Amino acid sequence: MKAIVIHEYGPPDVLRYEEWREPVPRAGEIRITVHAATVNRVLDVSLRAGKEKARGPGLPLIPGVDCAGIVDAVGPQVTRWKVGDHVAAAGFMPLEPCAEDGKDYVGPTGMMGIHRPGGFAEQVTVPACAAVAIPERLDFHRAAVVLRHMPTAWNLLVHVAALKAGETVLIMGAGGNLGTIGIQIAKNVLKARVIAVAGADQRVVLGQKLGADFGINYTTQEIIAEVMKITDGKGVNVLYDNIANPRVLPQAFRTIGMNGRLVTAGAHAGPNVPIDFSHLYHKRITIKGMPGHRSSDLPDCLAAAA
């Protein structure tokens with residue numbers, strides 16, 4: 001089969017398109033003919049450049065931390081999937097053969113594309129327990145994107161923030177991956193009132209096109225004043241921020257109302273941000289950081305996207 005392989009770290013030209021041995025599914029595994037795989041900034045680009053050596057990747061390596069495609073072979077002891085099924089897989093999974101439901105597995109785990117061959121190939125094997133069925137209305141491209149980014153946003157809003165219908169959420173970074181997905185989950189799934197915040201007009205407009213009720217450009221508008229105007233001085237119930245911009249987040253934090261929640265799974269513009277502790281305790285605010293997701297949410301994410 002053809003695959004993209006990294007034999008050494010470096011610039012983009014270390015990615016080699018070459019013949020590679022065809023993978024054979026072991027017990028409890030399936031083989032997927034790949035139709036789509038996303039490019040991840042940290043786990044693909046930085047890894048290729050040699051900036052993620054602490055994660056323990058072994059070379060040579062087929063990168064790609066997700067994929068979507070069609071099952072073309074099943075290993076021994078697999079009854080859950082059959083040839084022809086449309087599935088997607090991403091992230092952490094068992095590295096050794098295991099039962100197809102993944103229960104009672106106590107062996108090592110790792111991320112596809114880092115600790116086991118990834119999705120940048122014509123075929124890839126994954127544990128049956130790591131695959132998720134793709135709904136009929138969702139194509140492979142969208143399924144791969146959804147499975148890579150949507151579960152984190154879903155976990156933050158549905159479980160960590162426990163955002164409820166009618167509550168108001170302030171979404172920072174409205175034009176980014178977690179921002180655009182967060183807007184759609186908050187509005188279409190949770191039926192919340194959404195305020196999209198970004199640093200450029202086109203990004204604010206994008207957030208509103210995706211369903212945000214209000215938009216704020218923090219480079220030309222005062223976040224606190226605008227939010228208080230929108231909420232009649234009550235502030236927001238949830239602040240959703242995965243950026244940690246030290247110039248902007250302190251203002252956004254002051255918009256959180258009584259018993260509000262700040263949730264986050266990212267800090268690439270920080271990580272150090274000053275916050276007003278008096279506002280924290282006067283408003284009884286809860287701050288929760290929670291990367292990742294619950295595996296039980298994956299079918300819900302794909303269904304919502306469909």
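Using +1 at the Cβ of each Lys and Arg and -1 at the Cβ of each Asp and Glu in the chain, identify which of V34, N155, L170 lies farthest towards the dipole's positive end.
It is L170.
On the protein heavy atoms, probe 1.4 angstrom, tell me the percent of accessible surface of the chain carried by carbon and sulfur. Before the final figure, lay out each step's value.
Details: 7550 of 14390 Å².
Ligands and nucleic acids excluded, carbon and sulfur reach 52 percent.
Roughly how big is the stretch 59-139's charge dipole about its Cα centre, with Cβ charges of +1 (Lys, Arg) and -1 (Asp, Glu), in debye to the nearest 20? Mind dumping the intermediate values first?
Numbers: 5 positive and 10 negative charges, 19 e Å.
Dipole magnitude for the stretch 59-139 comes out near 80 debye.
Once the piece of chain linking K164 and R284 is laid out straight, how much longer is it, given 0.36 nm per residue of separation minus the C-alpha distance between them?
Numbers: separation 120, 0.36 × 120 = 43.20 nm, distance 1.81 nm.
Extra length from K164 to R284 when fully extended: 41.4 nm.
Using +1 on the beta carbon of Lys and Arg, -1 on that of Asp and Glu, and nothing else charged, what's the dipole of the stretch 96-184 about the Cα centre, debye to 20? Write down the numbers at each step before the final one.
Details: 6 positive and 8 negative charges, 62 e Å.
Approximately 300 debye in magnitude.
Provide the per-residue ³J(HN,Hα) series for the stretch 159-173, in order, calculated from phi with Karplus coefficients 6.51, -1.76, 1.60 and θ = phi - 60°, each as a whole number of Hz, with x at glycine and proline positions.
9, 6, 7, 6, 5, 10, 4, x, 6, 10, 10, 9, 9, 7, x
Would you mind calculating the relative contact order of the stretch 120-270 from Cα pairs under 8 angstrom and at least 6 residues apart, reporting the percent as a whole number? Present the calculation step by step, with values, prior to reporting the outcome.
Working: 254 pairs, mean separation 29.9, N = 151.
Computed over the stretch 120-270, the figure is 20 percent.
On average, how much area does the Cα convex hull of the chain cover when viewed from any direction, in nm²?
16.6
Running a GNM on the chain with Cα contacts under 10 Å, which residue among P151, P135, P11 ends up with the highest mean-square fluctuation?
P11
What is the Cα coordinate range of the stretch 60-211 on the first, second and third principal axes, sorted by size from largest, in whole angstrom?
If we take the Cα atoms of the stretch 60-211, the spans are 51, 30, 30 Å.
For the chain, report the accessible area per residue in Å² (1.4 Å probe, heavy atoms, rounded to an integer). Can you show the working numbers first?
Values: 14390 Å² over 306 residues.
Ligands and nucleic acids excluded, the figure is 47 Å² per residue.
Name the residue farthest towards the positive end of the dipole of the chain from the options V126, M93, I183, assuming +1 on Cβ of Lys and Arg, -1 on Cβ of Asp and Glu, about the Cα centre.
I183
Using only the Cα atoms of the stretch 179-306, construct the convex hull and provide its projected area averaged over every direction, in square nanometres to one decimal. Intermediate results must be reported in sequence, preceding the final value.
Working: hull surface 32.5 nm².
Mean shadow area of the hull around the Cα atoms is 8.1 nm².
Would you kindly find the accessible area of I243, with a 1.4 Å probe and non-protein molecules such as ligands, DNA and RNA excluded, rounding to the nearest 10 Å²?
Result for I243: roughly 40 Å² accessible.
When you count, for each residue, the other Cβ atoms within 10 Å and take the mean per peptide, how do 202-208, 141-147 rank with the highest first? Could you put the intermediate results ahead of the total?
Details: 202-208: 19.3, 141-147: 22.1.
For the peptides 202-208, 141-147, the packing ranking is 141-147, 202-208.
Using the alpha-carbon centroid of each, what span in Å lies between the stretch 258-298 and the stretch 80-111?
Here the two parts' Cα centres lie 31 Å apart.
Accessible area, 1.4 Å probe, largest first: how do E29, E122 sort?
Values: E29 5, E122 90 Å².
My answer, sorted largest first, is E122, E29.
Report, in debye and to the nearest 20, how large the dipole of the stretch 2-104 comes out about its Cα centre when Lys and Arg carry +1 and Asp and Glu carry -1 on their Cβ. Write down the numbers at each step before the final one.
Values: 13 positive and 15 negative charges, 42 e Å.
Using Cβ point charges on Lys, Arg, Asp and Glu, the stretch 2-104 gives about 200 debye.
Leaving out ligands, DNA and RNA but keeping every protein chain, what accessible area does K103 have, in Å² rounded to the nearest 10, with a 1.4 Å probe?
140
Name the residue from S296, V83, P63 whose Cα lies farthest towards the positive end of the charge dipole of the chain, charges +1 on Cβ of Lys and Arg and -1 on Cβ of Asp and Glu.
Final value for the positive-end residue is S296.
The values are calculated or read from the model by the stated rules, or taken from the named source; none is laboratory data. Here the structure is a predicted model, which is why all the values come from computation and not from measurement. Every residue, glycine among them, receives a Cβ derived from its backbone with ideal geometry; neighbour counts consider all protein chains shown. These accessible areas exclude ligands, DNA and RNA; they are computed on the full protein's heavy atoms, side chains included. Shrake-Rupley method; radii C 1.70, N 1.55, O 1.52, S 1.80 Å.
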